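Have a look at the structure below, then the notes.
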Amino acid sequence: MSAAIDWWRGRSRREQWMLGILAAIALPVLVWLLVVRPLDAAHRDALDDYRMALDRNGRISALAAARAGAPEGKTLIVDGPLSVYVADSAAQRGLDLSRNLDAPSGGVEIAVDQARPEAALAWLGQLEQDGLSVSSVSLSPGPDGGATLTATLESRAR
């Protein structure tokens, strides 16, 4: 500390004034760069995450409310393999099934490699209304804002 005081006293009056003005300008700029900007960016990111979570919660709540009001008793009767019915239904909705296999349980295992998430979930919802039961679903982000869907569908009548 004494070395800094000696250094300061070794400066002329004019140099001390210039160094004081430099410190008065540099200190707020450094505080802004090192504290304010990172905190502001973190706040904005947290706010965006919060808004996305609120939106997702609203959508899930709406789907749950619609599901709670849906009748459970409808049973689908299909002439032929269930996989053919599911493939036709997907084609009518404009979805391209990359996998459509008969499951050992009598159901169907399906996969859609690229689809809009809203369209894929609406299609699954329609299949449930038609009388199929969705026993498992996996929806993961895909390229270009699309999604990859895998699901196992079963007939309610066993």
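The values are calculated or read from the model by the stated rules, or taken from the named source; none is laboratory data. Source: prediction; values computed, not measured. Neighbour counts run over all protein chains shown; Cβ positions are idealised from the backbone, glycine included. The accessibility values were calculated without ligands, DNA or RNA, using every heavy atom of the protein model including side chains. Shrake-Rupley method; radii C 1.70, N 1.55, O 1.52, S 1.80 Å.
For the stretch 118-131, filtering for residues that are in contact with a helix residue (DSSP H, G or I) (Cβ under 9 Å, 6 or more places away or on another chain) and at pLDDT 85 or above leaves 6. Pick out the one residue from Ala91, Ala3, Ala87 that is more than 18 Å from Leu153 (Cα to Cα) and open to solvent by less than 90 Å² (accessible area, probe 1.4 Å). Residue meeting the stated conditions: Ala3. Cβ-Cβ distances below 6 Å connect the following pairs, each with a first residue in the stretch 74-86 that is at pLDDT 80 or above, a second residue that is open to solvent by less than 50 Å² (accessible area, probe 1.4 Å) and of a type in the set (S, T, N, Q), and a separation of six or more residues or different chains: Ser83/Asn100.
Inclusion of Leu63 among residues that are at pLDDT 90 or above, open to solvent by 60 Å² or more (accessible area, probe 1.4 Å), farther than 18 Å from Thr148 by Cβ and not acidic (Asp, Glu) is not warranted.
Would you say Arg56 is exposed (fewer than 10 other Cβ atoms within 10 Å of the Cβ) and modelled with pLDDT under 95?
no
Just one residue in the set Leu101, Leu139 is open to solvent by 20 Å² or more (accessible area, probe 1.4 Å), touching a residue at least 12 places away in the same chain (Cβ under 8 Å), within 12 Å of Val86 (Cα to Cα) and of a type in the set (A, V, I, L, M, F, W, C); that residue is Leu101. Residues that are in contact (Cβ under 8 Å) with a residue 12 or more places away in the chain, under 17 Å from Leu95 (Cα atoms) and open to solvent by 70 Å² or more (accessible area, probe 1.4 Å) within the stretch 105-136 comprise Asp113, Gln114, Arg116, Leu121, listed in sequence order.
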